[in-house]
Each structure stands twice: as C-alpha cells, then as structure tokens.
Amino acid sequence: MRHPLHPALVHFPVACWSLASIADLASLHFGQPMWWLAGVLMTIGLVSAIPAALAGFLEFIRIDENSPALKVANRHMAMVMAAFSFYAASLLLRVDGTSLHAPGLIAIVLSVGGFAFLGIAGWLGGQLVYRYRLGVN
C-alpha cells in the first residue's frame, strides 16, 4: 500500500506556523514569553516546511498535464510559497544575530498574513485530495 509522504509532513509546519501566529497576537498582551515562542515556532515551521515542500513537489510532478487538478495544485503551491515567504520575512525582522527580539507591528502583520495564506493553501490542498482524489488509491 502506497501512502503519499506530503500529507504526513505538512502537519509540522502547519501546526508551528499556526501556533506562531497565535503566540504573536498573544504577545501583544503577554509580552516576551509569547514573542519568543512565536520566533522559535516560526523557525521550526520554516525548517520542517522544506521536506514537506519537497514531498509535495514529488506529488505535483506526477499530476497529468491535462488534469483539472493541476490548476488547483499550482494555486496551492503559490499559497504555500507565500505563507513561507511571509513567515520567513517575519522571522528575519525579529532576529538579531542569533538572538530573537520583540517583533514590531510589521513582523506581526506578516505573521498573520502568513497564517491567512496558510489557510487558503490548506483549503486548496483539501480540494486536491477530496475533490480531485490526488494521492488516494
């Protein structure tokens, strides 16, 4: 029985990035412990997104070029790349050397924007599986 690797790997970056955005918003009230946690979670999310993306790309190249799923897969990939870029930019704005510091408003906005792109990417990924049956035997 063959099970695609991509769905198993995406849980790590999705969970880390989602929690990072929540921690960023919580940091507006709770301060340093929350923004520090957000930075750590973003880092883990960015690192764990790389193998998830590679596995997703291996699934992507197997889609028939005439399949209507290809258009949705392209949108899914674009949304994931946008989320990755927003979280990476947010992290870069809060890193000083090897230390994390309090995020400014732009870093928090990028984090929340990354979460929005992540939600759209997840919905599109669901379309690929449940509507187009990609990765389903």
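What is the one condition in (1) under 21 Å from ALA8 (Cα atoms); (2) within 19 Å of the chain's Cα centre (by Cα) that ARG133 does not satisfy?
Unmet condition: (2).
Would you say LEU134 is at pLDDT below 95, surrounded by 20 or more Cβ atoms within 10 Å (Cβ to Cβ) and under 19 Å from PRO4 (Cβ atoms)?
yes
Here is a check on your reading of the model: is GLU65 within 20 Å of ARG133 (Cα to Cα), in contact with a Pro (Cβ under 8 Å, 6 or more places away or on another chain) and either open to solvent by 70 Å² or more (accessible area, probe 1.4 Å) or in a helix (DSSP H, G or I) (or both)?
In short, no.
Identify all residues within region 85-124 that are in contact with a Pro (Cβ under 8 Å, 6 or more places away or on another chain) and crowded, with 20+ Cβ neighbours inside 10 Å; write none if there are none.
Those that are in contact with a Pro (Cβ under 8 Å, 6 or more places away or on another chain) and crowded, with 20+ Cβ neighbours inside 10 Å: SER90, ARG94, SER111.
Among the listed residues LEU41, LEU58, LEU37, which satisfies the condition of being within 22 Å of HIS11 (Cβ to Cβ), open to solvent by less than 40 Å² (accessible area, probe 1.4 Å) and not aromatic (Phe, Trp, Tyr)?
Exactly one of LEU41, LEU58, LEU37 is within 22 Å of HIS11 (Cβ to Cβ), open to solvent by less than 40 Å² (accessible area, probe 1.4 Å) and not aromatic (Phe, Trp, Tyr), namely LEU41.
Considering only residues that are crowded, with 21+ Cβ neighbours inside 10 Å and of a type outside the set (D, E, K, R), look in region 17-26 and name the one that is nearest to ILE50 (Cα to Cα).
Top of the filtered list is TRP17.
Tell me which of these PRO4 doesn't satisfy, since it passes every other one: (1) surrounded by 14 or more Cβ atoms within 10 Å (Cβ to Cβ); (2) at pLDDT 95 or above; (3) under 21 Å from ARG133 (Cα atoms).
Of everything listed in (1) surrounded by 14 or more Cβ atoms within 10 Å (Cβ to Cβ); (2) at pLDDT 95 or above; (3) under 21 Å from ARG133 (Cα atoms), PRO4 misses just condition (2).
Considering region 75-98 alone, what residues qualify as being of a type in the set (Lys, Arg) and farther than 13 Å from ALA20 by Cβ?
ARG75
The values are calculated or read from the model by the stated rules, or taken from the named source; none is laboratory data. Everything numeric here is computed off the predicted structure, so don't read it as measured data. So basically every Cβ, Gly included, is an ideal-geometry build from the backbone, and we count neighbours across all protein chains shown. Ligands, DNA and RNA are excluded from the accessible area calculation, which covers all protein heavy atoms including side chains. Shrake-Rupley method; radii C 1.70, N 1.55, O 1.52, S 1.80 Å.
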